[in-house]
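Let me begin by presenting the structure, written as structure tokens, before commenting on it.
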Amino acid sequence: MFLHGKDRRLIVVSNRLPFSRYENENGEVKWEKASGGLITALEPILYDLDGIWLGWDGHSAEQSGEERSRLFSVKEIPQPSNVKLEEGKDYKIGCVPIKEDEVESYYNRFSNGTLWALFHYFFEKSHIDLSDWKTYCQVNERFAQYIDDIAREDDVIWIQDFHLMMTPFYLRQLRPRQEIHFFLHTPFPHTDILSILPWQDDLLGSLLCCDTVGFHHKQYLKNFLTAVDVLKRSREVPGEETAGDRGPLTYANPISIDFKLVDRTSREPAVIERKNEIRKKIASPKMILGVDRIDYSKGIRRRLRGIEHLIKTHPEVQGEFFYYQLVIPSREGVDAYKSLKKEIDELIGRINGKFATGLWMPIHYNYGTVPFAELVALYLAADIGLVTPLRDGMNLVCKEYIAAHSDNDGVLILSKFAGAVAEIKNCLAVNPYNIEEIGDAIYRALVMDETERKRRMKKMRKNIGSNDIGKWLEKCLNYFEQARGERKK
Ligand code: GDG
């Protein structure tokens with residue numbers, strides 16, 4: 001993979017870096033590997049292109065006292081014991097400081113409270129607050145200043161996601177000729193929803209300052225173009241004077257995973273042994289798996305009630321399956337997330353209390369993270385992957401589930417509101433709001449015969465295997481190239 005230019009560097013900019021910095025009780029600085037969809041997708045690219053990743057390290061600016069614009073190699077970071085760096089590969093990171101009160105306002109309240117909720121269609125959870133919007137702009141401007149500090153004229157700046165939607169606007173003012181690209185990892189909502197946000201024009205105007213703007217799904221792209229159209233017809237576009245008359249090149253390109261890495265890991269003897277161990281520990285013939293960041297958009301509660309419905313309508317399945325739910329802690333500073341953990345705990349307790357018999361319990365639950373190899377062993381061990389977000393930009397868990405099934409077996413149940421469903425035709429697609437439908441789909445998956453399971457899994461593997469993260473990057477870089485060409489005309 002290359003960037004069409006000898007000295008051109010790729011600078012990825014996202015709110016969070018793939019490592020979090022914290023201080024232990026002895027005041028020593030420690031690093032922890034972070035996880036999440038954006039990191040899974042972008043880290044292999046950074047390694048491949050020896051790029052630069054600019055973002056926040058999760059530490060408040062008051063504590064970190066980081067030297068402005070210092071870039072350091074990931075090799076310099078003392079790695080946690082469960083992280084193996086790829087031999088001979090490296091990339092650099094730079095930390096943008098965020099103060100404690102800004103974390104509250106810009107990150108917890110505006111990004112994760114207002115924008116995340118709105119973009120996932122939970123508009124009633126989306127609170128509108130002018131002072132949070134101002135902090136969002138202030139932090140976005142700081143990101144632009146940090147980029148300005150380190151970027152060379154020829155560098156390709158690639159800004160990621162909803163936390164930094166105003167950064168293109170500020171950066172364009174500092175760098176009228178710089179190549180600026182943006183990719184959104186969430187859905188882009190319909191204009192009816194977007195127009196709830198008083199500052200939608202500013203966000204749209206900022207994205208119009210980019211050379212390219214990318215989305216996971218053609219529906220999100222369509223929603224964006226409609227919103228721009230409405231905006232252009234109604235008023236002057238903020239930021240247009242700096243963007244010039246060339247609008248961005250817009251595209252839909254579904255993000256993916258490092259298929260080969262997951263597939264290869266699933267064939268490692270230690271992983272297969274671990275998978276056998278997991279299966280042995282489970283007294284039930286079938287294992288169902290859910291893996292989600294804790295988030296109301298992931299549909300965990302309705303999914304659990306789908307399992308309850310399954311047991312109620314098919315009591316014969318008791319003892320025949322085992323549901324394992326891995327929940328990854330996330331956004332612990334946001335109120336809506338704190339109460340969710342309690343609700344999930346209580347719901348699991350209630351369902352287990354109602355249906356557990358002897359040594360059998362329908363739901364097992366782990367709140368925490370596991371190393372990558374363990375995650376692959378869990379995917380491989382699971383007869384059914386249950387992925388039912390109420391709304392999801394893409395969803396990488398379902399793609400990883402497919403990639404880990406190098407045994408060509410397994411059934412994927414997938415929400416029709418996940419971006420990924422457009423590419424995965426051989427899953428069992430469900431309406432994640434419909435508890436009965438979830439229960440019925442699980443039953444169908446439990447009784448599906450081996451021939452059908454394998455036929456479906458082979459097709460899904462072929463599709464995801466040939467559209468992996470490398471393909472996604474190649475397409476994005478081609479769009480960058482195309483935009484570059486059009487700019488020169
Ligand atoms: C956002 C969008 C979009 C999870 N637990 C562990 C772990 N993970 C990894 C998974 C997977 C990732 O986290 C989760 O990715 P998703 O795509 O499912 O979800 P979000 O974090 O919400 O991601 C989403 C994505 O960005 C990319 O554009 O698909 O729609 O919401 O890769 O494997 N990894 C490890 N241990 C864990 O315990 N190692």
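The values are calculated or read from the model by the stated rules, or taken from the named source; none is laboratory data. Just so it is clear, the structure is predicted and the values come from calculations on it, not from any experiment. Because the Cβ atoms are built from the backbone with ideal geometry, glycine has one as well, and the counts that use them run over all protein chains shown. To get the accessible areas, we keep the full protein, side chains included, count just its heavy atoms, and leave off ligands, DNA and RNA. Shrake-Rupley method; radii C 1.70, N 1.55, O 1.52, S 1.80 Å.
Below is a table of values for the structure above.
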| item | result |
| --- | --- |
| Rounded if a/c under 1.5, otherwise prolate or oblate - segment 259-467, Cα gyration tensor axes | rounded |
| Calculated [θ] (222 nm, deg cm²/dmol) that DSSP helices of n ≥ 4 give over the chain, each run adding -39,500 (n - 2.57) | -13000 deg cm²/dmol |
| Y401, Y107, reordered so the largest accessible area comes first (probe 1.4 Å) | Y107, Y401 |
| Cross-link pairs K354/K416; K260/K471; K33/K89; K218/K425; K399/K454; K425/K459 - those with Cα-Cα distance over 20 Å | K354/K416 |
| Semi-axis lengths (Å, descending) of the ellipsoid that matches the C-alpha gyration tensor of segment 256-335 | 25, 23, 11 |
| Fraction of beta bridges assigned by DSSP in the chain that are antiparallel (%, nearest 5) | 15 |
| In Å², nearest 10: area of M166 left accessible to a 1.4 Å probe | 10 |
| Note, ³J(HN,Hα) from phi for segment 150-157, Karplus 6.51, -1.76, 1.60, rounded to Hz, x at Gly and Pro | 9, 6, 8, 3, 8, 5, 9, 9 |
| Shape category assigned to segment 380-429 from the gyration tensor of Cα positions, a/c cut at 1.5 | prolate |
| Prolate/oblate/rounded label for segment 164-218 (Cα gyration tensor, a/c 1.5) | oblate |
| Backbone HN-Hα couplings from phi across segment 481-489 [Karplus 6.51/-1.76/1.60, Hz, Gly and Pro as x] | 4, 4, 5, 4, x, 5, 5, 6, 5 |
| Inter-probe distance in nm under a simple model that places probes 7 Å from Cα toward Cβ, at E104 and E436 | 4.7 |
| Segment 250-340: chymotrypsin sites (Phe, Trp or Tyr not before Pro) falling in loop per DSSP and having at most 14 other Cβ within 10 Å | none |
| In sequence order, calculated HN-Hα J values of segment 21-28 (Karplus, 6.51, -1.76, 1.60; Hz; x Gly/Pro) | 9, 8, 10, 7, 5, 8, x, 7 |
| Heavy-atom accessible area ranking, 1.4 Å probe, most first, across F143, F372 | F372, F143 |
| Residue-level accessible surface for E320, protein heavy atoms, 1.4 Å, Å² | 90 |
| The chain - Rg over Rh from alpha carbon coordinates, Kirkwood radius | 0.97 |
| Considering only segment 259-467, percent of DSSP beta bridges that pair antiparallel, nearest 5 | 5 |
| Förster-model FRET efficiency, 41 Å R0, V447 and K260, C-beta, rounded to 0.05 | 0.80 |
| Contact order normalised by residue count of segment 259-467, Cα under 8 Å, 6+ apart, percent | 27 |
